[in-house]
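Chemist: Quick one: this structure, given as structure tokens, is what I'll be asking you about.
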Amino acid sequence: MPELPEVETVMRGLAPVWQGQRFTQVVAHRPDLRRPLPQDLGQRLTGAVVTGLSRRAKYGLVETDRGDTLIIHLGMSGRMRVDPESRARHDHVVFATANGRVVAFNDARRFGSLDLVPTESAAAHPLLAGIGPEPLGPDFGVALLARAFADRLAPAKALLLDQRLIAGLGNIYVCEALFRAGIHPETPGGQVPTARLKRLAAAIPVVLEDAIAAGGSTLRDHAAPDGTLGYFQKDFAVYGREGQGCGTCGTVIARIVQSGRSSFFCPRCQR
């Protein structure tokens, strides 16, 4: 599933196409994706001007001059295809703008969603309500991590994946950040030493920024709106590298399963 860097890449790719543009036509070719689409989606967006594009956690946000916000959830296989030569099988919603551009929301597995809500109440939408601080925002740092981890018996990895504590972190980048900080994924949060918490607070935004600069990670479906594939997977230190040697110490990378998800780590570098 796309994580923060992949969604950020998609929204940055949409910005030069949609920012300041008027939707001339919005057509839904099916009534639902993961959930039913708003019945008035086309009516409310057609004629509206895009006033802002941003990201919250793993969701893309598109604001319009009509006081609405389109919440984009890419799900497992969702993609925004810019100026497709023809309509593809899974182009479920198609957006046309006054600058002659066309964007198709393509989702083969239909685990994604599009919601249109009043901007003033968007933060209270079930997808966004209760989400924690952004790891690339000004409030993120060692103090925040210390509060989130204090006296917790839950593993460090589980705490980092808890969207109520920190927004947008997923399996890939948590594995990579824990490696850079030298923290074993099973270490209880309350037992992580302060020195390693500081390393983790520094590692998380760096890992995310590195991934964004690389266009995200393309393991299966992710691509930028212009079709460019991400290449951060070429820089994975531990994720997906079970049985290979650690680039730092040479120890074989291990994999364990935590809450149904694979955790990759170096047994020597991470304690």
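Chemist: When you go through 137, 168, 182, 189 one by one, which is the residue that is more than 24 Å from residue 212 (Cβ to Cβ) and either within 15 Å of the chain's Cα centre (by Cα) or open to solvent by less than 10 Å² (accessible area, probe 1.4 Å) (or both)?
Modeler: Working: 137 fails: more than 24 Å from residue 212 (Cβ to Cβ); 168 fails: more than 24 Å from residue 212 (Cβ to Cβ); 182 fails: more than 24 Å from residue 212 (Cβ to Cβ).
None of the other options fit; the residue is 189.
Chemist: Could you tell me which numbered condition residue 6 fails, if it satisfies all but one of (1) surrounded by 17 or more Cβ atoms within 10 Å (Cβ to Cβ); (2) farther than 28 Å from residue 206 by Cβ; (3) not hydroxyl-bearing (Ser, Thr, Tyr)?
Modeler: (2)
Chemist: Residue by residue through region 36-49, note down the ones that are without any contact (Cβ under 8 Å) to a residue 40 or more places away in the chain and open to solvent by less than 40 Å² (accessible area, probe 1.4 Å).
Modeler: Residues satisfying the conditions are 42, 47, 48, 49.
Chemist: I'm trying to understand the selection: among the residues of region 66-122, which are at pLDDT 95 or above, open to solvent by less than 20 Å² (accessible area, probe 1.4 Å) and of a type in the set (Ser, Thr, Tyr)?
Modeler: Once the filter is applied, which keeps residues that are at pLDDT 95 or above, open to solvent by less than 20 Å² (accessible area, probe 1.4 Å) and of a type in the set (Ser, Thr, Tyr), region 66-122 yields 69, 97, 113.
Chemist: Now, a different point. Just name the residue that is farthest from the chain's Cα centre (by Cα) out of those in region 192-220 that are buried (at least 17 other Cβ atoms within 10 Å of the Cβ) and modelled with pLDDT under 95.
Modeler: Checking each candidate, the answer is 214.
Chemist: Hey, another quick one. Would you pick out the residues in region 226-271 that are under 24 Å from residue 190 (Cα atoms), out of contact with any helix residue (DSSP H, G or I) (no Cβ under 7 Å at 6 or more places or on another chain) and outside any loop (DSSP other than H, G, I, E, B)?
Modeler: 254, 255, 256, 257, 262
Chemist: For the subset of region 222-245 comprising residues that are more than 17 Å from residue 173 (Cα to Cα) and buried (at least 18 other Cβ atoms within 10 Å of the Cβ), which member is modelled with the highest pLDDT? Reasoning before the result, please.
Modeler: Of region 222-245, the ones more than 17 Å from residue 173 (Cα to Cα) are 223-229, 243-245.
Narrowing the set further to residues that are buried (at least 18 other Cβ atoms within 10 Å of the Cβ) leaves 223-225.
Numbers: 223: 68, 224: 70, 225: 78.
Checking each candidate, the answer is 225.
Chemist: Further question on the same structure: Going residue by residue through region 67-77, is there one that turns out to be part of a strand (DSSP E or B) and of a type in the set (Gly, Ala, Ser)? First the steps, then the outcome.
Modeler: Taking region 67-77 as the starting set, the residues that turn out to be part of a strand (DSSP E or B) are 68-73.
Adding the requirement that they be of a type in the set (Gly, Ala, Ser) leaves none.
Scanning region 67-77 turns up no residue that is part of a strand (DSSP E or B) and of a type in the set (Gly, Ala, Ser).
Chemist: In region 50-65, how many are at positive phi and either open to solvent by 30 Å² or more (accessible area, probe 1.4 Å) or at pLDDT below 95 (or both)?
Modeler: Looking only at that region, the number is 0.
Chemist: With the condition kept exactly as written, say whether any residue in region 152-163 is open to solvent by less than 40 Å² (accessible area, probe 1.4 Å), farther than 27 Å from residue 53 by Cβ, assigned to a loop (DSSP other than H, G, I, E, B) and hydrophobic (A, V, I, L, M, F, W, C).
Modeler: Scanning region 152-163 turns up at least one residue that is open to solvent by less than 40 Å² (accessible area, probe 1.4 Å), farther than 27 Å from residue 53 by Cβ, assigned to a loop (DSSP other than H, G, I, E, B) and hydrophobic (A, V, I, L, M, F, W, C).
The values are calculated or read from the model by the stated rules, or taken from the named source; none is laboratory data. Worth saying up front: this structure is predicted, and the values here are computed from it rather than measured. Virtual Cβ from ideal backbone geometry, glycine too; neighbours counted across all protein chains shown. In case anyone asks, the SASA skips ligands and DNA or RNA and just uses the protein heavy atoms, side chains included. Shrake-Rupley method; radii C 1.70, N 1.55, O 1.52, S 1.80 Å.
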